[in-house]
Amino acid sequence: MASVALAQAAKPQSSAKPQSSAKTQISTKPHRLLIHVDQNDPAVMNLALNNATNVIEHYRAKGEDVDVDIVAYGPGLNMLRADTSPVQDRIKQLKGTAFPSKVQFSACANTKENMEKKEGRPVAVLPDATIVASGVVQLMEKQEEGWSYIRP
């Protein structure tokens, strides 16, 4: 009797249910990507925009949407400044072509205020940018919500 119980315990038990629910979870999970820009370097800014474009196009080809948030703070805020952005045409183009996916450009208010103090004048951000209280907090909280994170 003990050997029968051991044999049954050693038998691999298969269940198709977890696999099918795992597949369901994968296909229904929202695609959300954070891209971190903290350098005043046009190559980094263009790489961030390339990453966003490639991700949007990948999911568009699969018939799926993706939310992308490009977060700029510190020297990287120059990406979203109306007077210094070397990529403002690409930002406008990406914002206009992302649909049905969504792309947000988050500009750090802390950095903006510090730049204004240092420069002694208001700093305007691009119309396609959204001012967030803190770029670092934006990155942290979205990751806590399950967003994927990259830094080009």
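Computed values, structure above
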| item | result |
| --- | --- |
| Calculated diffusion of region 31-152, Stokes-Einstein form, Kirkwood radius summed over Cα pairs, 25 °C and 0.890 mPa s, µm²/s | 171 µm²/s |
| Cα Rg over Rh - region 44-89, Kirkwood | 1.06 |
| Apportionment of accessible area to carbon and sulfur, region 59-152, percent (1.4 Å) | 51 percent |
| Accessible-area value, Ser85, 1.4 Å probe, nucleic acids and ligands omitted, Å² | 10 Å² |
| Cross-link table Lys29/Lys102; Lys95/Lys117; Lys95/Lys118; Lys29/Lys62; Lys92/Lys112; Lys102/Lys142, entries beyond 22 Å C-alpha to C-alpha | Lys95/Lys117; Lys95/Lys118 |
| Relative contact order (percent, whole number), region 96-136, Cα cutoff 8 Å, 6+ residue spacing | 55 percent |
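The values are calculated or read from the model by the stated rules, or taken from the named source; none is laboratory data. If you're wondering where the values come from, they're calculated on a predicted model, not measured in any experiment. Side chains are part of the model used for accessible areas, which takes the heavy atoms of the whole protein and leaves out ligands, DNA and RNA. Shrake-Rupley method; radii C 1.70, N 1.55, O 1.52, S 1.80 Å.
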